[in-house]
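Heads up, the thing below is written out as structure tokens.
What follows draws every value from the coordinates through simple rules; no lab data is involved. Note that the structure is predicted; figures quoted are calculated from it, not measured. Here Cβ is always computed from backbone atoms with ideal geometry, including for glycine, and neighbour counts include all displayed protein chains.
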Amino acid sequence: MAVIDFFDRGWRADPDGVAFVQDERSVTFQAAGELTCRVANALLADGLPSGTKGAVWAANDVTAWLCTLGLWRANMTWIPVNARNSADENQRILDAFDCEIVFFQSAFAPLLATLRDQLPKVLRWVCIDADVDDAISLDDWLEGQSTTDPALVVDLDDVISISPTGGTTGTPKGVMNTHRSWQTFIAHFLMAFPYAPDERPVNLAAAPMTHTAGALSLPTTARGGTVVVVTSPQPDLMLQQLVKQQVTELFLPPTVIYRLLEAPGIEGVDFSSLKYFLYGAAPMSVEKLRKALDVFGPVMAGGYGQTEAPASIAFLPPAEHFRDGQVGSDERLSSVGRPSPLVRVEILDEENRVLKAGESGEICVRGDLVMKGYYKAPEQTAETIVDGWLHTGDIGHLDDEGYLHITDRKKDMIISGGFNVYPSEVEQVIWSHPKVQDCAVIGTPDEQWGEAVKAVVELNPGETLDPEELIELCKRRLGSVKAPKSVDFVEALPRSAVGKVLKKDLRDRYWAGAARAI
């Protein structure tokens with residue numbers, strides 16, 4: 001199926017049903033579908049061929065997302081740019097990936113005006129919500145365009161997204177995903193998180209729709225459900241909309257969940273409508289996951305994916321957080337679940353040999369979920385996809401029951417005095433302390449050991465803590481080799497626009513002037 005076909009399933013099933021809600025605005029499937037057709041026809045009327053690359057520079061917004069769907073209806077390629085990124089980072093992305101059309105909100109017009117000379121390949125600028133200088137308004141651009149689907153013939157291997165991955169400096173890598181890889185992700189999600197025939201999904205899109213929240217809206221609309229769009233993951237706003245709209249599913253990264261758990265009055269909120277509360281994109285504290293199960297109920301759902309294998313390499317559905325009616329062991333809760341059915345997952349050693357259950361190596365994936373490659377980077381593609389296997393760069397193992405465990409990123413492993421220390425193991429212990437909100441464990445220069453284990457910790461608001469208390473906690477649980485040699489407290493850990501802790505930025509602070517491959 002083409003990716004737009006999933007939206008069209010919901011449109012055909014219930015044209016008058018509400019597809020999107022934002023603030024006090026509701027948009028039916030019929031209105032949303034017709035707008036995507038007009039966008040697609042306007043793109044084609046501009047003479048732009050299939051595969052043309054377009055971006056939407058906006059905060060979470062229904063019209064912005066419908067422009068993305070319009071790009072797909074015209075069989076064009078979406079370049080996700082997060083409005084929370086720096087302007088320089090987004091400029092590098094759009095230039096490197098040869099963007100030719102940009103949809104944007106008027107709030108970003110002054111910023112974009114400063115970047116235009118650096119984006120000479122952009123042929124068309126469309127402001128989606130106002131009349132601004134040096135751009136055409138969406139209303140004017142769509143004037144006279146048909147609401148009829150252009151019904152283009154597509155190839156499942158056509159590229160429909162080029163997503164940036166990697167660091168925040170230098171030339172970004174562009175992950176090319178296709179109709180085939182996206183349809184596999186959506187199929188995985190539909191299988192992993194079922195609904196009864198008479199149930200109507202209501203998805204809360206609070207995380208950026210340029211990333212996981214946008215992708216997860218597609219299974220909802222495929223089922224004829226409603227996507228509730230919120231502009232910011234503020235706890236009070238999310239909780240208000242969750243109750244008001246009777247939300248059945250949402251996704252948040254762990255760092256946002258941690259803050260939500262500390263929201264005043266959270267225990268009194270009615271979460272009875274919630275069926276699936278997805279977490280992922282970064283490791284989840286087992287201690288905080290247990291608290292989430294207590295606060296939100298038996299609805300937590302873990303997952304594992306990469307941009308190179310979108311969002312669905314493995315799932316841990318709500319029921320699998322439990323065993324014999326009780327919350328599962330730490331080992332079960334720290335897993336990312338069993339591999340999804342339409343993908344093969346194996347643990348390979350340095351010689352690309354498949355390892356047995358319990359043996360640690362690189363997590364590798366093959367199947368229709370895997371990306372086509374990196375944009376204009378055949379050498380990097382060949383290094384990452386070897387004999388059909390996507391090498392994820394994640395270290396882990398499969399246990400005897402088939403559950404996948406991620407130990408760490410290859411590049412994050414600390415080698416101290418010849419011993420391998422996996423930061424995630426240490427982080428789980430530190431997260432268990434009730435005063436800790438979040439943490440990151442990294443290796444820092446050490447003349448004697450090569451690298452020393454350091455914890456950088458963000459405490460809950462108003463809390464103080466003696467570093468030795470955390471060090472002793474880790475020594476008791478993990479032994480002296482894995483325990484941090486030092487602890488630094490910070491007001492806020494550096495995070496990406498989607499909430500991931502930027503360990504590279506932390507390491508850079510400590511390794512400036514020292515020799516280390518980062």
message: Quick check on the range 25-176: of the DSSP beta bridges with both residues there, what percent are antiparallel, nearest 5%?
response: 20 percent
message: Could you work out [θ]222 nm for the chain from helices alone, using -39500 (n - 2.57) per DSSP H run of at least four and dividing by all its residues? Round to the nearest 500 deg cm²/dmol.
response: -8500 deg cm²/dmol
task: Pull out the extension gain between R9 and Q118, defined as 0.36 nm times the separation in residues minus the alpha carbon to alpha carbon distance; nm, one decimal.
output: 35.2 nm
- prompt: Which loop-located GluC sites (Glu not before Pro) does the range 435-518 contain, where loop means any DSSP state but H, G, I, E or B and the Cβ has at most 13 other Cβ atoms within 10 Å?
  reply: E447, E463, E491
- prompt: Quick one: helix 29-45 against the long Cα principal axis of the chain, what's the angle to the nearest 10°, folded into 0 to 90?
  reply: 80 degrees
- line: Here the relative contact order (percent) of the chain, from C-alpha pairs under 8 Å and at least 6 apart, is 11 percent
- line: So, with points 7 Å from each Cα along the Cβ direction, the E447-A512 label distance in nm works out to 2.1 nm
- prompt: What is the range 153-224 by shape, rounded, prolate or oblate, if you read a ≥ b ≥ c off the alpha carbon gyration tensor as root eigenvalues and call it rounded for a/c under 1.5, prolate for a/b larger than b/c, and oblate otherwise?
  reply: oblate
task: Starting from the Cα-Cα distance between L156 and M413, subtract it from 0.36 nm times their residue separation and give me the gain in nm to one decimal.
output: 88.8 nm
- line: Relative contact order of the range 25-176 (C-alpha contacts under 8 Å, at least 6 apart) in percent is 27 percent
task: Note down the nm distance, to one decimal, between modelled labels 7 Å out along Cα→Cβ at E359 and at Q246.
output: 5.3 nm
message: Using amide H atoms built in the peptide plane, which far-off residues or other-chain residues are under 5 Å from V228 H to H?
response: V21, N203, L204, A205
query: Shape of the range 183-276 from its Cα gyration tensor (a ≥ b ≥ c, root eigenvalues): rounded if a/c is under 1.5, otherwise prolate when a/b > b/c, or oblate?
result: prolate
- prompt: Ordered by residue, what ³J(HN,Hα) values in Hz, to whole numbers, does the range 245-258 give under the Karplus form 6.51 cos²θ - 1.76 cosθ + 1.60, where θ = phi - 60° and Gly and Pro are x?
  reply: 8, 6, 4, 9, 8, 7, 10, 9, x, x, 4, 6, 4, 4
- prompt: Any idea what angle helix 87-96 forms with the longest principal axis of the chain, computed on alpha-carbon atoms, 0 to 90 degrees, nearest 10?
  reply: 70 degrees
query: What is the packing order of peptides 329-336, 277-284, 352-359, taking the mean over residues of other C-beta atoms within 10 Å and listing the highest first?
result: 277-284, 329-336, 352-359
query: Taking R0 as 45 Å, what's the FRET efficiency between S232 and K376 from their Cβ-Cβ distance, rounded to 0.05?
result: 0.85
query: What fraction, in whole percent, of alpha-carbon pairs in the chain exceed 43 Å separation?
result: 16 percent
query: For the range 67-184, what is the charge dipole size about the Cα centre, in debye to the nearest 20, if Lys and Arg each add +1 at the Cβ and Asp and Glu each add -1 at the Cβ?
result: 500 debye
- prompt: Which ³J(HN,Hα) values in Hz, rounded to whole numbers, follow from the phi angles of the range 56-71 under the Karplus curve 6.51 cos²θ - 1.76 cosθ + 1.60, where θ = phi - 60° and Gly and Pro get x?
  reply: 10, 9, 7, 6, 3, 6, 4, 4, 4, 5, 5, 5, 4, 4, x, 4
message: For the range 453-518 and the range 52-87, what is the centre-to-centre distance using only Cα atoms, to the nearest Å?
response: 36 Å
- request: Would you mind checking which residues have amide H under 5 Å from A135's amide H? H placed 1.01 Å from N; only 5 or more apart, or other chain.
  value: none
message: Quick query: amide H of V81 versus all other amide H atoms, modeled in the peptide plane; which residues come in under 5 Å with a sequence gap of 5 or more or a different chain?
response: V56
- line: Between the modelled labels at E491 and A263 (7 Å from Cα along Cα→Cβ) the distance in nm is 2.4 nm
Theoretical gain in end-to-end length, R344 to D16 [0.36 nm per residue, Cα-Cα removed]: 114.1 nm
